[in-house]
Amino acid sequence: MELLHDSPDNRGLRTAALLRRSHPSDKELQLAGLLHDIGQMLRPGDRARHAVLAAEAVRPLLGERVARLVRLHAPADGTGDDAGEAGEEADAVATLRQARDAAEGSALDAGVLEDWRPLLELVAAGSCRA
């Protein structure tokens, strides 16, 4: 949560809010939207690997699916053509990318970061049990 508070913009928060509206039952997708850019805060200036860094950071706490979605939101080669790697998550990855792009220029009132703490804790608890 501290890392998210230090975010220079609220794009992750807006992305998560858009996903909450469009996919209210997919909590892991919403969290992937919230956390997709934390790699840029973990290692500023390493844009090429930010998705991999973010995925590595969230995997131990939030599980494999959230990590996979975060990693795939920004293809390593920049082409966006990685449907084969996304596999059964291709639709979720496409949805995450659309929400990320929509949040970029949005003035959406996405609420406050603390609203997401219960969901983060819930998914983390489930991931730890698994």
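The values are calculated or read from the model by the stated rules, or taken from the named source; none is laboratory data. Note that the coordinates shown come from a computational prediction; the quantities given were computed from them, not determined experimentally. When we count neighbours, we look across all protein chains shown, and the Cβ atoms used for this are built from the backbone with ideal geometry, even at glycine. These area figures cover heavy atoms from the full protein model, side chains too; ligands, DNA and RNA do not enter into them. Shrake-Rupley method; radii C 1.70, N 1.55, O 1.52, S 1.80 Å.
Worth a mention:
- Candidates A51, A57 - the one that is crowded, with 18+ Cβ neighbours inside 10 Å, of a type in the set (A, V, I, L, M) and within 22 Å of G126 (Cα to Cα): A57
- Residue within segment 84-96 that is at pLDDT 80 or above, in a loop (DSSP other than H, G, I, E, B) and either touching a strand residue (DSSP E or B) at 6+ places or on another chain (Cβ under 7 Å) or not polar (S, T, N, Q) (or both) present: no
- Applying the criterion of being within 14 Å of the chain's Cα centre (by Cα) and more than 19 Å from A124 (Cβ to Cβ) to the residues of segment 1-15, the residue that is least open to solvent (accessible area, probe 1.4 Å) is T15.
- Any chance L18 is open to solvent by 40 Å² or more (accessible area, probe 1.4 Å) and under 18 Å from Q98 (Cβ atoms): yes
- Condition met for R65 (touching a helix residue (DSSP H, G or I) at 6+ places or on another chain (Cβ under 6 Å) and either modelled with pLDDT of 85 or more or outside any helix (DSSP H, G or I) (or both)): yes
- Within segment 97-116, the residues that satisfy the criterion of being assigned to a helix (DSSP H, G or I), surrounded by 12 or more Cβ atoms within 10 Å (Cβ to Cβ) and in contact (Cβ under 8 Å) with a residue 60 or more places away in the chain are A99, R100, A102, A103, L113, W116.
- Scanning segment 25-44 for residues that are without any contact (Cβ under 8 Å) to a residue 60 or more places away in the chain and either in contact with a Pro (Cβ under 6 Å, 6 or more places away or on another chain) or open to solvent by less than 80 Å² (accessible area, probe 1.4 Å) (or both) yields L35, D37, I38, G39, Q40, M41.
- The set of residues from segment 29-69 being of a type in the set (A, V, I, L, M, F, W, C), under 16 Å from V93 (Cβ atoms) and in contact with a Lys or Arg (Cβ under 9 Å, 6 or more places away or on another chain) comprises L29, A32, A51, V52, A54, A55, V66, A67.
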